[in-house]
Amino acid sequence: MSIATIIRNAKVYQPEYAGRKDILILNGKIAAVGENLTADFGGCIEVREIQGEGMAAVPGFIDSHEHILGGGGEGGFHTRTPEASLKDLTMNGITTVVGCIGTDGIGRDMTALLAKAHGLENEGISTYAYTGSYQVPVRTLTDSILKDIMMLDKVIGVGEVAISDHRSSQPTFQEFARIAADARVAGMLSGKAGIINVHLGDSPRKLDLIQKVVHDTEIPASQFLPTHVNRNAALFDDCLQFAKEGGTIDFTGNEDIDYWETICDEVRVCKGIRRLLDMGISSDRFTISSDGQGSMPVFNARGEFQGIGIGKASCLLKEVRECVQKEDIPLETAVKGITSNPASVLKLSGKGHIKPGYDADICLLKEDTLTLDTVIAKGQVMVQDGKQVVFGTFEKA
């Protein structure tokens with residue numbers, strides 16, 4: 001028998017605050033949002049209810065940059081980070097993830113990335129991918145960027161292409177512009193974003209290649225999603241200017257920011273978003289991603305490897321919570337960075353909003369603590385009362 005679900009009397013953030021409402025879920029979609037909703041299907045469909053009292057209902061989280069295959073290796077083969085599991089995602093509110101390859105585009109390739117994305121989709125969440133990795137020329141699954149984006153359903157853009165980093169391929173302006181041009185045309189022809197997710201390193205060159213393409217060609221700033229923009233204060237200053245000129249910038253969340261803020265001058269996400277808003281930059285111009293399962297290597301001034309950490313998907317909700325609790329940013333503004341904003345810039349149809357016709361991807365947060373209580377992905381309850389109820393193939397119930 002089919003099942004319909006009604007979430008009762010939650011504070012609904014679409015992400016715009018809509019008041020205390022009920023949400024009706026049917027066939028994996030949001031069927032209605034309103035007060036005192038009723039659903040009678042004559043016994044043909046079972047109706048279940050979830051009590052939303054004391055809860056904030058927000059769209060399911062979209063992680064626009066996660067190393068679902070694992071990443072790393074900068075310290076040798078033993079420093080390759082593990083793959084993401086379903087638990088790593090749903091227990092942190094992530095109902096949609098975009099997978100990417102980082103430094104190691106040899107030991108991890110597009111075949112494996114797409115296989116992993118399909119596997120996670122089979123387990124219950126929505127998945128997409130970028131074609132390529134740090135390296136230029138971009139290593140694709142077919143023989144071109146255009147074919148990968150146009151003909152592979154899950155591929156929505158290129159990334160993460162590295163610039164201003166000693167680990168990058170040191171692409172020329174012509175190479176970088178051609179990547180952007182190919183991605184843009186492929187996106188236009190396929191109805192996808194054709195976005196270029198750009199890894200920004202510590203080099204003083206910062207966004208120089210992006211800025212040169214935007215200023216010297218017809219390709220607009222909207223074609224790029226630079227990530228790790230809060231890596232250091234000087235880089236962040238330039239990225240704010242990029243956002244002011246109409247670009248979108250991607251903050252990288254960090255569970256261990258107290259450490260990295262001290263040793264690397266990393267900009268705390270909540271402080272960066274507060275500054276962006278205070279400058280009058282639109283709240284539509286930022287996203288937050290986790291860099292989950294990616295390596296976080298530490299190098300000295302000579303570029304010598306010193307140690308390694310790992311990105312954690314749990315940072316997304318932590319960053320939203322810090323925005324609200326530390327910087328007094330409204331929840332409806334902060335949560336846009338992991339819901340409606342990535343859905344818009346990546347052209348993810350049916351994602352990022354709690355509105356009729358959208359996919360039933362919903363997180364219930366406890367109002368007083370903004371901690372995760374319930375996660376629903378495509379209408380299926382994945383986490384309930386803070387506990388995992390749907391498990392990956394090799395996870396234990």
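The values are calculated or read from the model by the stated rules, or taken from the named source; none is laboratory data. It should be emphasised that the depicted structure is a prediction, and the values quoted were computed from it without experimental measurement. For neighbour counting, all protein chains shown are included, and Cβ atoms are generated from backbone atoms with ideal geometry for every residue, glycine included. We work out accessible area using only protein heavy atoms, side chains counted, and drop any ligands, DNA or RNA first. Shrake-Rupley method; radii C 1.70, N 1.55, O 1.52, S 1.80 Å.
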Failed item in (1) at pLDDT 95 or above; (2) closer than 28 Å to residue 73 by Cβ, with residue 309 passing the rest: (1)
Going through region 147-162 one residue at a time, which ones are surrounded by 17 or more Cβ atoms within 10 Å (Cβ to Cβ) and farther than 20 Å from residue 108 by Cβ? 150
Would you call residue 103 under 22 Å from residue 227 (Cα atoms) and modelled with pLDDT under 95? yes
Could you tell me whether region 342-360 includes any residue that is modelled with pLDDT under 95, closer than 30 Å to residue 266 by Cβ, assigned to a loop (DSSP other than H, G, I, E, B) and open to solvent by less than 40 Å² (accessible area, probe 1.4 Å)? no
Could we say that residue 119 is in a strand (DSSP E or B), of a type in the set (Gly, Ala, Ser) and touching a residue at least 12 places away in the same chain (Cβ under 8 Å) here? no
Select, from 217, 172, 142, the only residue that is hydroxyl-bearing (Ser, Thr, Tyr), touching an Asp or Glu at 6+ places or on another chain (Cβ under 8 Å) and open to solvent by 10 Å² or more (accessible area, probe 1.4 Å). 142
For region 188-200, what are the residues that are open to solvent by less than 10 Å² (accessible area, probe 1.4 Å) and either touching a Pro at 6+ places or on another chain (Cβ under 8 Å) or in contact (Cβ under 8 Å) with a residue 40 or more places away in the chain (or both)? 194, 195, 197, 198, 199, 200
When (1) over 30 Å from residue 163 (Cβ atoms); (2) open to solvent by 60 Å² or more (accessible area, probe 1.4 Å); (3) out of contact with any Asp or Glu (no Cβ under 9 Å at 6 or more places or on another chain) are applied to residue 29, the one that fails is (3)
Among 96, 111, 103, which is the only one that is within 25 Å of residue 127 (Cα to Cα), among the β-branched types (Val, Ile, Thr) and open to solvent by less than 30 Å² (accessible area, probe 1.4 Å)? 96
Selection count where residues are touching a residue at least 60 places away in the same chain (Cβ under 8 Å) and part of a loop (DSSP other than H, G, I, E, B), scope region 369-393: 7
Count of residues meeting criterion [aliphatic (A, V, I, L, M) and open to solvent by 40 Å² or more (accessible area, probe 1.4 Å)] in region 115-130: 1
Verdict on residue 366 being touching a residue at least 40 places away in the same chain (Cβ under 8 Å) and surrounded by fewer than 16 Cβ atoms within 10 Å (Cβ to Cβ): yes
Here is a list: 295, 282. Which entry is surrounded by 19 or more Cβ atoms within 10 Å (Cβ to Cβ) and more than 19 Å from residue 125 (Cα to Cα)? 295
List the residue pairs whose Cβ atoms are under 9 Å apart, where the first residue sits in region 32-48 and is in contact (Cβ under 8 Å) with a residue 60 or more places away in the chain, the second is hydrophobic (A, V, I, L, M, F, W, C) and part of a loop (DSSP other than H, G, I, E, B), and the two are 6 or more positions apart or on different chains. 32/39; 33/354
Quick count over region 1-19, residues being open to solvent by 30 Å² or more (accessible area, probe 1.4 Å) and either in contact with a helix residue (DSSP H, G or I) (Cβ under 7 Å, 6 or more places away or on another chain) or without any contact (Cβ under 8 Å) to a residue 12 or more places away in the chain (or both), is 3
Among the candidates 32, 39, which residue alone is out of contact with any His (no Cβ under 9 Å at 6 or more places or on another chain) and outside any strand (DSSP E or B)? 39
From the list 177, 162, 186, 233, which one is closer than 30 Å to residue 75 by Cβ, more than 19 Å from the chain's Cα centre (by Cα) and among the small types (Gly, Ala, Ser)? 233
